[in-house]
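As structure tokens, the structure follows; a few thoughts come after it.
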Amino acid sequence: MAAVPDRVHLTYLVNGEESPVSFAPYKTLLEVLREDLNLTGTKHGCELGECGACAVLIDGEPQLSCLVLGLECEGKRIDTVEGLARGTELHPLQAAFADCGGSQCGYCTPGMLMTAKALLDRDLNVTREQIKEAISGNLCRCTGYQQIVDAIESAAAEMRGARK
């Protein structure tokens, strides 16, 4: 039986940049992002795949990083909340969350933002029902979701206007 290495050495494509990383092979992507790449915007929540606080985009699709092994991500494009803003310019979703009160304690916000980004990357003409369905795996204990849905709807409208 072959010995399991203490550490693996991979290169990720995180937020558009190549990031070499060395980590223990049992670590989840969530742990690698937070502990080894110091990208702490992605939150530890339930660590059971039930709350959505750790959602990131892997090849453009929202994934719960607590359920994905870091080893599975070699050669994949990983986008985290740290990659949304462009310098000092907020992404329209971030601005809308601030303007609409879509964030109170803020713990769920990174996962909500990344899930919403995947939705709006596919279609800017989303309905409130489609927004609710898209974020149904992201739990929020503070807002009651109304402001979150409003923010995503507002960002979609702004992004539609920007693409004209």
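Out of the residues in the stretch 1-43 that are touching a Cys at 6+ places or on another chain (Cβ under 7 Å) and of a type outside the set (A, V, I, L, M), which is nearest to G75 (Cα to Cα)? My answer is Y12. Taking each residue of the stretch 131-142 that is not assigned by TED's automatic domain parsing to the domain that holds L64 and surrounded by fewer than 22 Cβ atoms within 10 Å (Cβ to Cβ) and looking for partners that are assigned to a helix (DSSP H, G or I) and at pLDDT below 95 with beta-carbon atoms closer than 6 Å, six or more apart or interchain, yields nothing. Is the stretch 24-36 home to any residue that is buried (at least 16 other Cβ atoms within 10 Å of the Cβ), assigned by TED's automatic domain parsing to the domain that holds C140 and touching a Ser or Thr at 6+ places or on another chain (Cβ under 6 Å)? Checking the stretch 24-36: not a single residue is buried (at least 16 other Cβ atoms within 10 Å of the Cβ), assigned by TED's automatic domain parsing to the domain that holds C140 and touching a Ser or Thr at 6+ places or on another chain (Cβ under 6 Å). Whether any residue in the stretch 14-28 is closer than 23 Å to C105 by Cβ and at pLDDT 95 or above is what I want to check. Taking every residue of the stretch 14-28 in turn, none turns out to be closer than 23 Å to C105 by Cβ and at pLDDT 95 or above.
The values are calculated or read from the model by the stated rules, or taken from the named source; none is laboratory data. Everything numeric in this text was worked out from a predicted model, so none of it was measured. Note: ideal-geometry Cβ built from the backbone for every residue, glycine included; neighbour counts use all protein chains shown.
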